[in-house]
Amino acid sequence: MQNYLAGLNEQQRIAVEHVDGPIMIIAGAGSGKTKVLTTRIAHLMNGGVDAFNILALTFTNKAAAEMKERVEKALGNTEARNLYIGTFHSVFARILRGEAHRLGYPNNFTIYDTDDAKSVVRDIVKDMNLDDKHYKAAYVYNRISAAKNSLIDPAMYKADSSIQQEDARTTRPLIGDIYDAYAKRCFKNGAMDFDDLLFKMYILLTHFPEALAKYQNRFRYILIDEYQDTNVAQYAIIKMLGARHENICVVGDDAQSIYSFRGATVANILQFQDDYDDVKVVKLEQNYRSTQTILNVANNVIGNNKNQIKKELWTSNTEGEKIMLVRTMTDNDEGRFVADAIKEQQMRNHYSNKDFAVLYRTNSQSRSFEEALRRMNIPYKLVGGTSFYQRKEVKDYLAYLRTVVNTQDEENIKRIINYPARGIGKTSIEKIIVRANELNVTFWEAISNPDIAGIRSAQLDNFVMMIRSFQAMLVKGNAYDLAFAVGKHTGLVQELHNDKSVEGLARYENVQELLNSIKEFTETPDEEGELLDKSLGSYLQQITLLTDADKDNDPDADAVKLMTIHGAKGLEFGCVFAVGLEENLFPSSMSLFDRADLEEERRLFYVAITRAKERLWVTYANSRYRFGNLVQNDPSRFIEEIPAAHLDRTFTGVSNRPQPGGFNTMLNQSFDKVPSLKKLADKLATATTAAPTHTPTANFAADDSSGMAVGMQVEHQKFGFGKILTLEGGANNKIAGIDFGAGHGVKKIMLNFAKLRIVK
């Protein structure tokens, strides 16, 4: 047996040594598929197959480079450099450059990246005199991209009734015309975008039989990695290229097909055996990554999918610990639990930060975990994303709020003065800045006074009036009411809501999560039930302290990884927290009415489970704020699919009091660094200590707050006897204004949290 075959298990060796004919390798999570794929290429070449006759397609440049390096190492020569190994786009771009003349393109055609393509769309929308706020470049480009990946050209797009109905439903009936103009513009410019590299490859093979024959003869052996992630165009091209020799090898795992939003279709791998006769099927079921307990859970969960290729992952690793199923009161408690658990595991089992991953369904969920990790001084890195408070849409929203609180901040005003677009041009802004500097006044003073600004503009006047109306709310409104009004009356929330692309939906979810955090800030009392300063200024101060850590975020540091489950595919970690397992969140509410969508959500959970090597936590919150409302959650249906024998259930009811190492500790550390703040902190502490104390009545017992009314006399364990002056809010968040007399005065008390005794 050749040395390169050493170390393969029985199924891996079968997959490697099957040379001729179609073969499908179902590679379970952690089963060594890359090793099998590269060893198979080495085996073909060792058996006399010319490197120039082998085509291997991957989805990332990193995977392609690793494959080529491994083959070269296995064979001990440089022949692997002649292999056609690369991503679909890079390999097809290489072929198209040699065949461009057939399609009427120059051999040195330009390849537009996404920004270039959107810029062309933007120009076409402008040339057609369409509303660019309605026909947004990102949305239109995504529609064109989806069409190309489904092999739909402009004429087919405009002739398809279902596509036209969808565009009519979104009141964008002219996308087909834009697509037509876009295709012509790219051709005129001698340019292809990324999607064209697939689409034009398909055109080349279908319209030019001599080109098809040429590449069918050249590529006698074809190997495709991650076959479950292929789309319609990729499937069609592979089918044509492999039709002559049918020496086609696909490697993948239907249970990890999670990219339908990118056009991937799991049907490609599920139906592979229908495409060819005598398909060899090899299942790689031995897992080298996880404990048997983790694999048992994964097997049971994915077993609930009807459309799948059955397999049973197993391992020679240890049985391992049970999965921790953790229920918390709120999403913020969930964040605190994760941070505490990481600290505990580090002390008990000596894990490094990089051994931990927090996996969530959507990027907007990162906020509570970011804040909890910062408060515990645990380094973290967002993988494939931007820190919550650094995301553009969040910074835009916060810029409005900061402007309302402080109109002297020129940078925030410049950021929002024409966003959403309100007809205040860049040239006008620059003139006002120059004028303000000449007269030594603030930018706000300049735009507030046309005589100072030197410009008379109804748009500027409306902007100033809008900001002043928000400022009027500072006196009587809390942070959430004001923030909600800002989002509504500026048009910022509506602007994001109108963008129905995947990216637009994520941005909309992020601003909703920002509003959720403000709502929770205004309604969360301290440990005594008292609502402290809930002003917008207080909220912004808290956020500033929390986000200061972003400036020193070292991407290469030993850090906990925060990411979506989509971003975690292909990775592994010693300890994994799969968070937010609640109905309507995971599975997503958009997946509950279609079996195919629901089964993809289940595959997503399967991917999260199989990232864990040693320890896995599954967490969910009883309640979380969504769209400004406190929503009670049901546990995800996926939790019910985990066998009880593999679960260790726990409930962590985190109270409102500051956690050890939490925000108060962080503030004290800040005070220690700044002497003036330290003096202020000491003064405040002294003032608090000097307040009168109260000894509760013997056998003190709190009464049901639902029966409390204005005018009642009540007793509080800390503040003593008082009279209810006001009652506000709904049944679940009723707030009482209570006068406790000298020493304490009037306190805002949230009745759900306070312990009050009605004085008979």
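The values are calculated or read from the model by the stated rules, or taken from the named source; none is laboratory data. Everything quoted here is computed from the prediction, not taken from an experiment. All Cβ positions, glycine included, derive from the backbone under ideal geometry; neighbour counts span all protein chains shown. For accessibility, only protein heavy atoms count, side chains too; no ligands or nucleic acids. Shrake-Rupley method; radii C 1.70, N 1.55, O 1.52, S 1.80 Å.
Give the residue from Met347, Ile378, Tyr419 lying farthest towards the positive end of the charge dipole for the range 346-419; charges sit on Cβ (+1 for Lys and Arg, -1 for Asp and Glu) and the dipole is referred to the Cα centre.
Met347
Relative to the Cα centre, what is the charge dipole magnitude of the chain, using +1 at the beta carbon of each Lys and Arg, -1 at the beta carbon of each Asp and Glu, and rounding to the nearest 20 debye?
So the dipole magnitude of the chain works out to roughly 700 debye.
What ranking of Asp254, Asp177 comes out by heavy-atom accessible area, probe 1.4 Å, highest first?
Result of the area sort, largest leading: Asp177, Asp254.
With +1 assigned to the C-beta of every Lys and Arg and -1 to the C-beta of every Asp and Glu, and no other charges, what is the dipole magnitude of the range 338-410 about the Cα centre in debye, to the nearest 20?
200
Quick one: with all protein chains in place, what share of the accessible area of the chain is carbon or sulfur, to the nearest percent (1.4 Å probe)?
Whole-percent figure for carbon plus sulfur exposure: 49.
Compute the distance from the alpha-carbon center of the range 349-373 to that of the range 211-248, in whole Å.
Spelled out, the Cα-based centre of one part sits 40 Å from the other.
What spacing in nm lies between the two simple spin-label points modelled at Lys343 and Leu130, each 7 Å away from Cα in the Cβ direction?
Modelled inter-label distance: 5.4 nm.
Can you flag which of Lys118/Lys569; Lys35/Lys280; Lys133/Lys561; Lys68/Lys310; Lys395/Lys561 are past 25 Å Cα-Cα?
The pairs that break the limit, which is 25 Å between Cα atoms, are Lys118/Lys569; Lys133/Lys561; Lys68/Lys310.
Roughly speaking, what is the centre-to-centre gap between the range 419-468 and the range 69-88 when only Cα atoms are used, to the nearest Å?
Cα centroid of the range 419-468 versus Cα centroid of the range 69-88: 62 Å apart.
As I understand it, the dipole of the chain uses +1 on the Cβ of Lys and Arg and -1 on the Cβ of Asp and Glu, about the Cα centre. Which of Ser501, Thr328, Gly743 lies farthest toward its positive end?
Projecting each Cα onto the dipole axis, the largest value belongs to Gly743.
Work from the charge dipole of the chain (Cβ charges, +1 for Lys and Arg, -1 for Asp and Glu, about the Cα centre) and give the residue of Met563, Gln390, Ser364 farthest towards its positive end.
Going by the charge dipole, the pick is Gln390.
Quick check: the distance between the Cα centres of the range 140-202 and the range 30-65, to the nearest angstrom?
34
Have a look at the DSSP beta bridges in the chain and tell me what percent are antiparallel, nearest 5.
Restricted to the chain, the bridges split so that about 30 percent are antiparallel.
Identify the residues of the range 131-169 with backbone N under 15 Å of a label point that sits 7 angstrom from the Cα of Gln271 along the Cα-to-Cβ direction, or state none.
150-151
³J(HN,Hα) across the range 315-329 via Karplus (A = 6.51, B = -1.76, C = 1.60, θ = phi - 60°), whole Hz, x for Gly/Pro?
After applying 6.51 cos²θ - 1.76 cosθ + 1.60, I find 8, 9, 5, 5, 4, x, 7, 5, 6, 7, 9, 10, 9, 10, 6 Hz.
Helix 426-439 versus the longest principal axis of the chain: what angle, 0 to 90°, nearest 10, using Cα atoms?
The angle comes out at about 40 degrees.
Taking amide H atoms as placed 1.01 Å from N in the peptide plane, list the residues 5 or more away in sequence, or in a different chain, whose amide H sits under 5 Å from that of Arg611.
Excluding prolines and chain starts, which carry no amide H, there are no hits.
Where does each of Lys33, Lys239, Lys133 land when they are ordered by accessible area, with a 1.4 Å probe and the largest first?
Reading off the accessible areas and sorting them downward yields Lys133, Lys239, Lys33.
What angle do you read, to the nearest 10 degrees and between 0 and 90, between the alpha-carbon axis of helix 114-127 and the longest principal axis of the chain?
Tilt of helix 114-127: around 80 degrees.
With a ≥ b ≥ c the root eigenvalues of the C-alpha gyration tensor of the chain, is it rounded (a/c under 1.5), prolate (a/b larger than b/c) or oblate?
oblate
Angle between the Cα long axis of helix 175-188 and the longest principal axis of the chain, 0 to 90 degrees, nearest 10?
That helix lies at roughly 60 degrees to the long axis.
Please calculate how many Å² of accessible area the chain carries per residue, with a 1.4 Å probe and no DNA, RNA or ligand atoms counted.
45
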